[in-house]
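Working notes for the structure below.
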Amino acid sequence: MGTLSHAIIPKLALPRRDSQRSYHGLPRLNSRPLRWNANRDAKKIRVSAGTAKRSPPIDFSDPDWKAKFQEDFETRFNIPHITDIFHDAVPIPSTFCLKMRTPVTEDFAGGYPSDEEWHGYINKNDRVLLKVIHYSSPTSAGAECIDPDCSWVEQWVHRAGPREKIYFRPEEVKAAIVTCGGLCPGLNDVIRQIVITLEIYGVKKIVGIPFGYRGFSDKELTEMPLSRKVVQNVHLSGGSLLGVSRGGPGISEIVDSLEERGINMLFVLGGNGTHAGANAIHNECRKRRIRVAVVGVPKTIDNDILLMDKTFGFDTAVEEAQRAINSAYIEAHSAYHGVGIVKLMGRSSGFIAMHASLASGQIDICLIPEVSFNLHGPHGVLSHLKYLIETKGSAVICVAEGAGQSFLQKTNAKDASGNVVFGDFGVHIQQEIKKCFKEIDVPVDVKYIDPTYMIRACRANASDGILCTVLGQNAVHGAFAGYSGITVGICNTHYVYLPIPEVISYPRLVDPNSRMWHRCLTSTGQPDFI
């Protein structure tokens, strides 16, 4: 078995979203071509850690195509359960009940503290509607249609929450938590809630795996015992109590370690690549017939996970970005012909740059990876910047880190997770601005601010704190309910369980035809730079 980075490569293919229409219910998600232009979709690359099978393109001439689409959708979004492998697994009454708080003893001599009269459980057949807008035309802003007529087809996903029956006895559970990838506001909040909820179920053995997947193989790294007392105040600071790292050992080695440690619940906090690894671990456990629940919690500050309203850390990032934007604004407006440049996170998705620009109201130009632009020429960024200097005397530019990579020399270098190492477009546009204005003999004062690591290290704000709390709790509920190979997220304001393969195909991208991007353009007043 290769290293973990091999399990998540090929890394995510990034289809550009310039001037496209989506003609299926789940844009850039489905494991097989659903659009009428099937040849184009078939070229897209999926992360191979999933188990989803390809289906033939939809035949819209078939009068039963809607029913067949729904049937296929339900099959793909059916979340894996331990009874799929262990057919004789017997459910027991849940130990999670907030109506009767009888203390749980060490040996559970008095039985489990359950109360069948409590109506706080989620029925396993509860569903959440994935799409709530019925677009009447493919030309509607942000339209996501299944067929050319924009037919309405209901698509339901599993509702998250505690079940009345569970498939793990708390006294037999050893749960582990691991945080992978880069730092993100809210990591400690999620860790804390997972630990607290596990203890409410009655789990006594909870450990943290240090420094990501690396902690499963590095003999110098020992697991960290966790309890409510240990995590009580960790959410008051940023970073991760457990530490983070990219890459790691092979999947086989990780599963070997799970067996040796006696771990039967694994909670994985990370982004697309980390989730691909979690799904590979889940599949290997099923292959070996090991009774382990693997549950992911999506962690990406870029907000680029498919199907979800947002991921934790995003709101904090947008809020903290305001400080950098305001500093750039003050610098620019305090200087003669001042230009402030702020580079924000967003390798393939420009959500932070877009939302931060909208929130601040101080941005004149917002550049994101999803929208092509020219620097030079009569309609380029520099031409518009000249106009801003002439009319306003100053300007503020916000760029996402993945924007403008076509202007930079490619190195083909990759980090431990298999991500391509990007060039710094913020520095590039700073140099181009200076060069451009020097050629026309116009003085310009350019200030460049990159607050990336300051933002990543922040403590989660109130909004993210609530999101992290609910995600952490629901991750535990999902594991005890017997689900594995799933991730938890918020969809249309409700919390849901989704099969990992359906959310890691590629990053969620800003739709240039969406109302939110149009709102950003209205706010900045920028033209199309093409």
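The values are calculated or read from the model by the stated rules, or taken from the named source; none is laboratory data. Please read these numbers as outputs of a predicted model, since none were measured by experiment. Don't worry about glycine lacking a Cβ; one is built from the backbone with ideal geometry, like all the others, and counts go over all protein chains shown. The accessibility values were calculated without ligands, DNA or RNA, using every heavy atom of the protein model including side chains. Shrake-Rupley method; radii C 1.70, N 1.55, O 1.52, S 1.80 Å.
Listing for the model above:
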{"item": "Matching residues, region 113-131, being more than 22 Å from Ile79 (Cβ to Cβ) and either touching a strand residue (DSSP E or B) at 6+ places or on another chain (Cβ under 8 Å) or open to solvent by 20 Å² or more (accessible area, probe 1.4 Å) (or both)", "result": "Ser114, Asp115, Glu116, Glu117, Trp118, His119"}
{"item": "Those residues of region 376-424 which are in a loop (DSSP other than H, G, I, E, B), closer than 23 Å to Ala276 by Cβ, open to solvent by 40 Å² or more (accessible area, probe 1.4 Å) and in contact (Cβ under 8 Å) with a residue 60 or more places away in the chain, in sequence order", "result": "Asp415, Ala416, Phe422"}
{"item": "Residues of region 198-235 that turn out to be surrounded by fewer than 23 Cβ atoms within 10 Å (Cβ to Cβ), of a type in the set (Val, Ile, Thr) and over 15 Å from Leu258 (Cα atoms), as a count", "result": "4"}
{"item": "Qualifying residue in region 483-504 (condition: assigned to a loop (DSSP other than H, G, I, E, B), open to solvent by less than 10 Å² (accessible area, probe 1.4 Å) and touching a Leu at 6+ places or on another chain (Cβ under 8 Å))", "result": "yes"}
{"item": "Tally, over region 59-80, of residues that are without any contact (Cβ under 8 Å) to a residue 24 or more places away in the chain, open to solvent by less than 80 Å² (accessible area, probe 1.4 Å) and assigned to a loop (DSSP other than H, G, I, E, B)", "result": "1"}
{"item": "Given (1) within 24 Å of Ala400 (Cα to Cα); (2) part of a helix (DSSP H, G or I); (3) among the acidic types (Asp, Glu), number of the condition Asp309 does not satisfy", "result": "(2)"}
{"item": "Residue list for region 263-306, filter: more than 30 Å from Ala400 (Cα to Cα), of a type in the set (A, V, I, L, M) and either outside any loop (DSSP other than H, G, I, E, B) or open to solvent by 20 Å² or more (accessible area, probe 1.4 Å) (or both)", "result": "Met265, Leu266, Ala280, Ile281, Ile290, Ala293, Val294, Val295"}
{"item": "Failed condition for Glu260, given (1) part of a loop (DSSP other than H, G, I, E, B); (2) without any contact (Cβ under 8 Å) to a residue 40 or more places away in the chain", "result": "(1)"}
{"item": "Only one of Ala176, Ala141 that is within 26 Å of Leu98 (Cα to Cα) and assigned by the TED database to the domain that holds Cys491", "result": "Ala176"}
{"item": "Residue in region 132-170 that is nearest to Ile79 (Cα to Cα), counting only those that are without any contact (Cβ under 8 Å) to a residue 60 or more places away in the chain and hydroxyl-bearing (Ser, Thr, Tyr)", "result": "Tyr135"}
{"item": "Number of positions in region 425-444 that are surrounded by fewer than 14 Cβ atoms within 10 Å (Cβ to Cβ) and assigned to a loop (DSSP other than H, G, I, E, B)", "result": "4"}
{"item": "Qualifying residue in region 464-480 (condition: in a strand (DSSP E or B), open to solvent by less than 10 Å² (accessible area, probe 1.4 Å) and modelled with pLDDT of 95 or more)", "result": "no"}
{"item": "Close pairs (8 angstrom Cβ cut-off, 6 or more residues apart or separate chains): open to solvent by 10 Å² or more (accessible area, probe 1.4 Å) in region 333-359, assigned to a helix (DSSP H, G or I) and of a type in the set (D, E, K, R) anywhere", "result": "Leu358/Arg519; Ala359/Glu319"}
{"item": "Among (1) part of a strand (DSSP E or B); (2) surrounded by fewer than 24 Cβ atoms within 10 Å (Cβ to Cβ) - the single one Cys366 does not satisfy", "result": "(2)"}
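One line per residue, one yes/no per condition, for (1) surrounded by fewer than 17 Cβ atoms within 10 Å (Cβ to Cβ); (2) modelled with pLDDT of 95 or more:
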| residue | (1), (2) |
| --- | --- |
| Ser136 | yes, no |
| Ala160 | no, yes |
| Glu164 | no, no |
| Phe168 | no, yes |
| Gly182 | no, no |
| Gly186 | no, yes |
| Ile194 | no, yes |
